Amino acid sequence: QVQLVESGGGLVQAGGSLRLSCVTSAWIFRTVPMGWCRQAPGMQRDMVASISPDGGSFYTDSVKGRFTISRDNTKNTVYLQMNSLRPEDTAVYYCRVEVMGRPYWGQGTQVTVSS
């Protein structure tokens, strides 16, 4: 069973920071890339960042230089550090993995950035 448990969302002013966390099982954490996606109201769900088991990372252009994805191998946890937040970053953020070609999502955590 694939479980992804997110935390860390909230309300922040533009220019502020938040850190999201996603905990999963050890076998998933060590085996497949983990990522963060977001979905704003009325919009599709888009990939924001991802990190592979060996630490290689990907960022969508709109968050490069502001967001950092990282892993804590002792806690089976992936983090998304979000700095210089903008109102357009407002969305529900989901932790995502893909196992044997099937995507799995966490329950989502709301991030709201006020102007």
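The values are calculated or read from the model by the stated rules, or taken from the named source; none is laboratory data. None of the values given here were measured: they were computed from a predicted structure. So basically every Cβ, Gly included, is an ideal-geometry build from the backbone, and we count neighbours across all protein chains shown. In case anyone asks, the SASA skips ligands and DNA or RNA and just uses the protein heavy atoms, side chains included. Shrake-Rupley method; radii C 1.70, N 1.55, O 1.52, S 1.80 Å.
Laid out as a table, the results:
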| read-out | value |
| --- | --- |
| Residue-normalised accessible area of the chain, given per residue in Å² at a 1.4 Å probe | 53 |
| Accessible area of Val12 in the full protein assembly, 1.4 Å probe (Å², nearest 10) | 20 |
| CD proxy at 222 nm, helix term only [per DSSP H run n ≥ 4: -39500 (n - 2.57); per residue of the chain; nearest 500] | -1000 deg cm²/dmol |
| Under 15 Å, Cβ to Cβ, from Pro41 - net charge with Lys/Arg +1 and Asp/Glu -1 | -1 |
| Loop trypsin sites (Lys or Arg not before Pro), segment 59-115 (other Cβ atoms within 10 Å of the site Cβ: 13 or fewer; DSSP) | Lys64, Lys75 |
| Mean Cβ neighbour count within 10 Å, used as a protection proxy, ranking 56-63, 102-109 highest first | 102-109, 56-63 |
| Dipole of segment 59-99, positive direction: furthest Cα of Gln81, Val63, Val92, with charges on the beta-carbon | Gln81 |
| Full-extension gain in nm, Asp54 to Thr31, via 0.36 nm per residue minus C-alpha separation | 7.3 nm |
| Protein accessible area in the chain, 1.4 Å probe - carbon and sulfur % | 49 |
| Overall dimensions of the chain as given by Cα atoms, namely Rg and Dmax in Å | 13.3, 41 |
